[in-house]
Amino acid sequence: MDQDATRAHLPLEHDSARVCAQCCGLGPVRGLFQPIGPKALPFMNTEAPKSLVFPSKCDWWLKVLLLFVISVQLTVAVFVFIGGHELWVGGMLLLPAGFIAWILRSTAYVVDETRLLIRSGPFWSTVLLDSIEEVVPTHNPVSALSLSLDRLCVSYRVQGKRKTVMISPVDKEGFLRVLAAVVPGMVVDGEKAARAPVAPR
């Protein structure tokens with residue numbers, strides 16, 4: 001059986017994962033999600049990358065504000081250096097600008113074989129995929145590792161306690177489809193995803 005015929009027999013979630021990976025700009029999909037069998041998952045291909053990265057969406061007003069702060073700090077630092085002041089003063093002005101730029105460029109959400117890794121500059125958080133119960137849209141403004149108010153609230157359990165974390169991937173639909181492909185029992189319903197209820201025996 002050739003590769004196209006094998007792909008045709010794969011479950012729908014694997015096609016969805018391939019499509020979402022392509023939408024996220026992860027390069028050629030054939031090498032990342034090569035079908036192996038009816039129950040093949042992306043992470044079973046040992047020669048392929050073992051994680052998918054979803055960059056954070058950044059609201060335009062936040063980006064303008066942060067870029068303005070960076071430009072002001074850089075301008076002041078340049079005048080400090082030109083004016084012959086102590087170099088450490090200019091260096092102290094550059095540090096906050098570099099920190100903000102780091103946050104802007106690095107905030108992303110990584111899905112690998114077993115976990116969801118949430119990272120933003122020096123800050124990070126980990127959620128085990130098996131512990132995720134549901135993911136729903138939200139605009140909650142509470143502090144989070146997110147650059148947008150267009151968010152997803154991920155609910156999960158740790159030692160029986162329900163916890164939540166908010167993220168803001170650019171491709172929310174693609175993120176949900178990947179979760180449905182790798183989290184047991186996860187089903188996508190519009191803009192949210194949740195574990196399907198287990199039928200009583």
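If a residue has to be surrounded by fewer than 17 Cβ atoms within 10 Å (Cβ to Cβ) and under 17 Å from Arg151 (Cα atoms) to count, how many in region 94-105 make the cut?
Result for region 94-105: 0.
Every residue, every condition in (1) at pLDDT 95 or above; (2) of a type in the set (Phe, Trp, Tyr), yes or no:
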residue	(1), (2)
Tyr109	yes, yes
Gly121	no, no
Asn140	no, no
Leu152	yes, no
Thr164	yes, no
Gly190	no, no
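For region 44-129, give me every one of the strands (runs of 3 or more DSSP E) that falls completely inside it and has 3 or more residues that are touching a strand residue (DSSP E or B) at 6+ places or on another chain (Cβ under 8 Å) and aliphatic (A, V, I, L, M).
Numbers: elements: 52-55, 108-111, 115-120, 123-128.
In region 44-129, 108-111, 115-120 are the strands (runs of 3 or more DSSP E) which contain 3 or more residues that are touching a strand residue (DSSP E or B) at 6+ places or on another chain (Cβ under 8 Å) and aliphatic (A, V, I, L, M).
Would region 115-127 turn up any residue that is farther than 30 Å from Lys161 by Cβ, assigned by TED's automatic domain parsing to the domain that holds Ala180 and polar (S, T, N, Q)? Walk me through it before giving the result.
Our first condition is that a residue be farther than 30 Å from Lys161 by Cβ; within region 115-127, this holds for none.
No; the residues of region 115-127 include none that is farther than 30 Å from Lys161 by Cβ, assigned by TED's automatic domain parsing to the domain that holds Ala180 and polar (S, T, N, Q).
How about region 139-201: which strands (runs of 3 or more DSSP E) wholly inside it have at least 3 residues that are within 17 Å of Arg119 (Cα to Cα) and of a type in the set (A, V, I, L, M, F, W, C)? First the steps, then the outcome.
Working: elements: 151-158, 161-167, 186-189, 192-195.
Where strands (runs of 3 or more DSSP E) fall fully within region 139-201 and carry at least 3 residues being within 17 Å of Arg119 (Cα to Cα) and of a type in the set (A, V, I, L, M, F, W, C), they are 151-158, 161-167.
If we scan region 71-93, do we find a residue that is touching a residue at least 24 places away in the same chain (Cβ under 8 Å), surrounded by 13 or more Cβ atoms within 10 Å (Cβ to Cβ) and under 18 Å from Ser146 (Cα atoms)? Walk me through how you get there before you give the answer.
Here is the first cut: in region 71-93, the ones touching a residue at least 24 places away in the same chain (Cβ under 8 Å) are 73.
This time we only want the ones that are surrounded by 13 or more Cβ atoms within 10 Å (Cβ to Cβ), so: 73.
Narrowing the set further to residues that are under 18 Å from Ser146 (Cα atoms) leaves none.
The answer is no; no qualifying residue exists.
Which of the residues belonging to region 139-171 are over 17 Å from Cys58 (Cβ atoms), in contact (Cβ under 8 Å) with a residue 12 or more places away in the chain and of a type in the set (Ser, Thr, Tyr)?
Answer for region 139-171, where residues must be over 17 Å from Cys58 (Cβ atoms), in contact (Cβ under 8 Å) with a residue 12 or more places away in the chain and of a type in the set (Ser, Thr, Tyr): Ser155, Tyr156.
Given (1) surrounded by fewer than 17 Cβ atoms within 10 Å (Cβ to Cβ); (2) over 14 Å from the mean Cα position of the chain (by Cα); (3) closer than 27 Å to Gly174 by Cα, identify the lone condition not met by Val110.
(2)
Being crowded, with 19+ Cβ neighbours inside 10 Å and either over 30 Å from Arg105 (Cβ atoms) or over 15 Å from the mean Cα position of the chain (by Cα) (or both) is the filter here; which residues of region 160-187 pass it?
Ala181, Val183, Met186
The values are calculated or read from the model by the stated rules, or taken from the named source; none is laboratory data. No experiment lies behind these values; they were computed from the predicted model shown. Note that each Cβ is placed from the backbone with ideal geometry, even for glycine, and that neighbours are counted across all protein chains shown.
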